[in-house]
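The next block holds one structure in the form of structure tokens; read it before the comments.
The values are calculated or read from the model by the stated rules, or taken from the named source; none is laboratory data. Since the model is a prediction, treat every value here as computed from it, not as a measurement. Neighbour counts are summed over all protein chains in view; Cβ atoms, including those assigned to glycine, are modelled from backbone coordinates with ideal geometry. When the accessible area is computed, the model is the full protein with side chains, heavy atoms only, and any ligands, DNA or RNA have been set aside. Shrake-Rupley method; radii C 1.70, N 1.55, O 1.52, S 1.80 Å.
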Amino acid sequence: DEYLEEIKSFETQSPEELEKFRIRFLGSKGLIKELFGEFKNVPNDQKKAFGQKLNGLKQAAQEKFDSLKSGLASGGSDRKAKEDYTRPGYPFELGARHPISVIRNEIVDIFSRIGFTVAEGPEVEDDWHNFTALNFPEEHPARDMQDTFFVENEGDEKLALRTHTSSVQVRVMENQKPPIRIIAPGRVFRNEAISSRAHCIFHQIEGLYIDENVSFADMKQTLQYFTKEFFGKTKIRLRPSYFPFTEPSAEMDVYWGLETEADYRMTKGTGWLEIMGCGMVDPNVLENCGIDSKKYSGFAFGMGIERIAAQRYGIGDLRYFFENDVRFLKQFKAAY
Ligand code: PHE
């Protein structure tokens, strides 16, 4: 009973004291072990009561030890310590934004400064919004199984995972009257073999500007502004290209220079880095979306976020973006 009292009233903040307590009661030469050694000398009719008492003692000592130990491990559970408001707080680790989010936020920020607002659309999209309204001919290869993930459904509507964010253009034009100034960041899906340079899931940012008298020069100026803000570069070029939904269409490159070895590698020795597709919205698309193509014109552009993020951070393999290895993700802690 005396020992039990001693165990129950024992308190300490010091690991050394706690260790002394453990040795005294629970050690291999400790008190409880010794008392168990007395067992053989106890008269038979008292063995049961003696055994119960000893087990109780052992349990109390173990519990006391465990609770003091965990208190010490968590920095002291002692009431006095808790009341000390001058102690520094417990450290806790801040999370990090995903690099794709960081780049997307930056791009959204840059366009929002010139009046663009964010628009969103569904990732599971119908044929009309992803292809038909965007002037894709019926037999266009992009509609092919090879590129598109079709979604099984019960109705006769053909559903698929959107292959680009241009589907959001259509949804916005169907629902808003010009002037329209939106950017649409989002996830897109293509049935491609996964490698260091391609993935079946990636992210794009779409831009759309529709008003009266919008010209190709307006587009160029807007993209030049973006390039300067985002990359800190001023020289761009527009190469003729083709998209079903824009006419004329172009590919925009940024001049990167050829100063470092990385410049050579990134630009394949040309100094130019391909950034986005763009063009004047095809009048057919405007009409498909209920916008008078005689009165209004506009431009659209679309860029892949992974590519830009890879360039910004020097990431050589796109798969890192989707593996969610914390060692990779932790590196972006300081980014916004
Ligand atoms: N949707 C095109 C693509 O995925 C990019 C694009 C958007 C081109 C808007 C022109 C205008 O490649």
What is the one condition in (1) within 14 Å of the ligand (Cβ to nearest atom); (2) open to solvent by less than 50 Å² (accessible area, probe 1.4 Å); (3) more than 26 Å from the chain's Cα centre (by Cα) that Thr132 does not satisfy? (1)
Checking the conditions here, which among Phe111, Phe92, Phe116, Phe149 is within 16 Å of the ligand (Cβ to nearest atom), open to solvent by 40 Å² or more (accessible area, probe 1.4 Å) and aromatic (Phe, Trp, Tyr)? Phe149
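Given the options Asn284, Asn324, Asn288, name the one that is crowded, with 19+ Cβ neighbours inside 10 Å and of a type in the set (S, T, N, Q). Write out each step before concluding.
Working: Asn284 fails: crowded, with 19+ Cβ neighbours inside 10 Å; Asn324 fails: crowded, with 19+ Cβ neighbours inside 10 Å.
Of the residues listed, the single one that is crowded, with 19+ Cβ neighbours inside 10 Å and of a type in the set (S, T, N, Q) is Asn288.
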Enumeration of residues in region 267-292 that are under 32 Å from the mean Cα position of the chain (by Cα) and within 14 Å of the ligand (Cβ to nearest atom): Glu274, Ile275, Met276, Gly277, Cys278, Gly279, Val281
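Would you be able to tell me the number of residues in region 152-174 that are at pLDDT 90 or above, away from the ligand (no atom under 16 Å from the Cβ) and under 30 Å from the mean Cα position of the chain (by Cα)? Show your work before the answer.
The first filter runs over region 152-174 and keeps only residues at pLDDT 90 or above, leaving 159-174.
Imposing the further condition that a residue be away from the ligand (no atom under 16 Å from the Cβ) reduces the set to 159, 174.
This time we only want the ones that are under 30 Å from the mean Cα position of the chain (by Cα), so: 159.
Residues that pass the stated criteria total 1.
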Test: residue in region 216-231 that is within 16 Å of the ligand (Cβ to nearest atom) and in contact with a Gly (Cβ under 7 Å, 6 or more places away or on another chain): no
Elements of type helices (runs of 4 or more DSSP H) contained in region 21-102, each with 2 or more residues being of a type in the set (A, V, I, L, M): 31-37, 44-73
Every pair of residues 6+ apart whose Cβ atoms lie under 8 Å, when the first sits in region 304-320 and is more than 17 Å from Glu192 (Cα to Cα) while the second is among the aliphatic types (A, V, I, L, M) and assigned to a loop (DSSP other than H, G, I, E, B): Ala309/Ile315; Ala310/Leu318
Among the residues listed as Glu229, Glu261, the single one being of a type in the set (Asp, Glu) and without any contact (Cβ under 8 Å) to a residue 60 or more places away in the chain: Glu261
Candidates His199, His203 - the one that is at pLDDT below 95 and open to solvent by less than 50 Å² (accessible area, probe 1.4 Å): His199
